[in-house]
Structures are given as C-alpha cells and as structure tokens.
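The values are calculated or read from the model by the stated rules, or taken from the named source; none is laboratory data. It should be emphasised that the depicted structure is a prediction, and the values quoted were computed from it without experimental measurement. A quick note on method: Cβ atoms are made from the backbone with ideal geometry, for glycine too, and the neighbour counts reach across all protein chains shown. With ligands, DNA and RNA removed, areas are computed over all heavy atoms of the protein, side chains included. Shrake-Rupley method; radii C 1.70, N 1.55, O 1.52, S 1.80 Å.
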Amino acid sequence: MQLSDFDYELPAARIAQTPAEPRDAARLLVDRGSAGIDHRQVRDLVDYIEPGDVIVVNDTKVIPARLALQRSTGAQVEVLLLEALDPESRRWTALVRPGGRLRTGEVLRHHDSGCEVVFVGRSDDEGSFIVELAHDGDALKFLERSGQIPLPPYLTAAKNAEGTNDRYQTVYARRPASAAAPTAGLHLTHDLLEAVQAKGARLARVELVVGVDTFRPITEDDPLLHRMHSEYYSVSAEVMDQVLKAERVLAVGTTAVRSLESAVHFDALSGRTKLFIHRGFDWKVVDLMMTNFHLPRTTLLLMIDAFIGPRWRTIYQAALDHEYRFLSFGDAMLLDRHAL
C-alpha cells in the first residue's frame, strides 16, 4: 500500500464554499455497485431506507474553539482548542501558532474581551500543546465571549457569511465538545429524520468528539505508518443493542463509523479510540455509510477504500464529472459495503 493509491486531483472549483439551502437539497450520489450510480438529492435518502434499518448519527456539537490572542509584546497567537483535560474544562490540548517561542506560564489575552489563556507547555501528542483557560467556572461562556467556530481553512468565502456558524452545526447537535463538525450530518433536517423513521427505520445517537487530527493529510509514503491521535467516543448500551439487532446499520459520517466499530472492536462502549480503518479492516457493524467527499491522502479516504474497495475511484470520478461539490459544505454519497 502506498500513499499515492489514495491521491486524486481535486480542482479548487469543486470545493464548496457555501452550504446547500435547504440542507437536504444537497446532491446525493448513491452507490449501487455494478448496477451503477444514482444521482439524487439528500432528501431522497428515504427512498433507500428499509424497515428495520438503524440510522446512527454523531450528535457532538462544535464549540467556539479558535482563539485569536496576543502576547504582551503585541504579537498575534492563534490557539485552537482540541479537547478538555479536566472536568472543569480549564486545561486543554491545543494547536498553537506560533507556539515554539512561548514560555511556560506566559499569559495570552483576547483583545476585545480581555479573557486570558495561560500557555502551559507541550503535550504528549506531537505537535500539540497544553493551555489553561482563566475562566470563572463556565468554560462555554468564556469561549462564547472570546472564541470563533473553527471553520476549515479552505472555507475562505464562508468565514464572514451570515449564518455560517449555525450551518456548521447539525440540527441534532447536543453536547458542546468538538473542534470540527461531523459534516455528513449537516445535510439532515428534522423533516427528513421524521420521514426515514416513518419508513420504519430507527434513529440512534452516538458521540465522537471530533479533533482536527482526523482530517490531517497523511505524510508518510506508507500510510500504515501514520500515527492516529486518540478521540473520545461513547455508545450507549441501548444503541449497541439496537445496531446488533438491526437489519442494516447506516452510519452518517465517518465519526459515527469510528464510534460504532471502536465499541465492538475494543469491547468498550466508551473511551478513547485510535482506530485506524484501512484496507483489510474487519467490519463488524456498519453496512451503509453516508458521507461527504473527502480530501485526497487522508485517513478518511482510506476508510472509504476499506469500505467499498477500489470502486471509490469510479465514484469520485463520477462526482467530479457531474460537478458535485466536495468537502465540508459539499454534497454527499451513500455507500453500500455489500453492493457487488
């Protein structure tokens, strides 16, 4: 296996800068194996649902995790919070740019709110740091005063658009925790969820706290040498019982996939996962996957390859030929692991 096996040319014009309106008006490429491809819309998902299906979503909520701060010298520092390290959400792992010259104990301030962040030092994970928020007991209020929703860097046109922050949350988002959205779920509406349940499917929720490492490109020539950082996941006993008894399990997004497969592979309903899904993976739970179109050379693309094999190239080429929109605010595909 070589990293070049997971490369393709993605023209900049194919990267969606704004989301479809309404959410379920996004296009949906439906994989039917040797029977070909259907070109539909997300609202048509109900046509592919069968009684007895369980549809699993990741209900994590994105926090205002990006902080634009200043050193005492006036120099600018950007802190991107990744995950809280204590119950009070004071200490966090974070990406800090630039972080190499900061001193342990140095105080960084937000210009407008006056909120302070203390630089603690490097974390155990390569490339990340530990910072401490000087809040009064409510970390979320601190972030709402000082932080911004951390949109992906390629969303250059969306950063200042009205309503962008709301559209970077799923309609069922619950516990604020993630540094990035589970983007496949951005397409779903309350009406669509009601429609698939009326068709006889059940809706189930899991949680995986999304960190930016999930989306980082692989830099090793041999992708199996890539180091996965851990992320917190949780699957309730009730949900696990539902999926194990289901006729089919449709996971909405790669993070829902990792939650479910981690719970079974590690025999633990919650914890931290470094599960790296790639070619040869022994699938235990997920039958169908609804997901967006991903960047080349990423662990997400390796997961797609593990799920449907080399026909992912045919699907991606068809999406490019038919002018589908890619990445976080782009269109979606419905993949069937069992299609021949």
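Values as computed for the structure displayed
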| quantity | calculated |
| --- | --- |
| Aspartates and glutamates with Cα under 15 Å of K199, excluding same-chain neighbours fewer than 8 positions away | D44, D47, E50, D53, D191, E247 |
| In region 1-67, trypsin sites (Lys or Arg not before Pro) in a DSSP loop with at most 16 other beta-carbon atoms within 10 Å | R32 |
| For region 91-100, 3J(HN,Hα) per residue [Karplus equation, 6.51 cos²θ - 1.76 cosθ + 1.60, θ = phi - 60°, Hz, x = Gly/Pro] | 8, 9, 7, 7, 8, 10, 10, x, x, x |
| Theoretical ellipticity at 222 nm over the chain - DSSP helices of four or more residues, -39500 (n - 2.57) apiece, nearest 500 | -5000 deg cm²/dmol |
| Of [x] 20.8; [y] 24.5; [z] 21.7, the label for Kirkwood radius over Cα pairs in Å derived from the coordinates | [x] |
| Relative contact order [Cα under 8 Å, 6+ residues apart], region 278-340, whole percent | 50 percent |
| Binned Cα-Cα distance frequencies in region 1-142 - 10 Å width, integer % | 9, 25, 20, 21, 18, 5, 0 |
| Links that overshoot a 32 Å alpha carbon limit, given the list K245/K274; K141/K284; K61/K274 | K141/K284 |
| Å² of accessible area per residue within region 72-188, as computed with a 1.4 Å probe and no ligands counted | 51 Å² |
| Accessible surface, region 1-69, averaged per residue in Å² (probe 1.4 Å) | 40 Å² |
| Relative contact order of region 61-142, pairs being alpha-carbon contacts under 8 Å that are 6 or more residues apart, as % | 26 percent |
| Rounded percent of accessible protein surface that carbon and sulfur make up, the chain, 1.4 Å probe | 48 percent |
| Volume per residue of the C-alpha convex hull in region 119-229, rounded to whole Å³ | 182 Å³ |
| Relative contact order for the chain, counting Cα pairs under 8 Å that sit 6 or more residues apart, in percent | 26 percent |
| Distance from region 209-278 to region 106-123 (C-alpha centre basis), Å | 32 Å |
| Heavy atoms of W283 accessible to a 1.4 Å probe, total area in Å² rounded to 10 | 30 Å² |
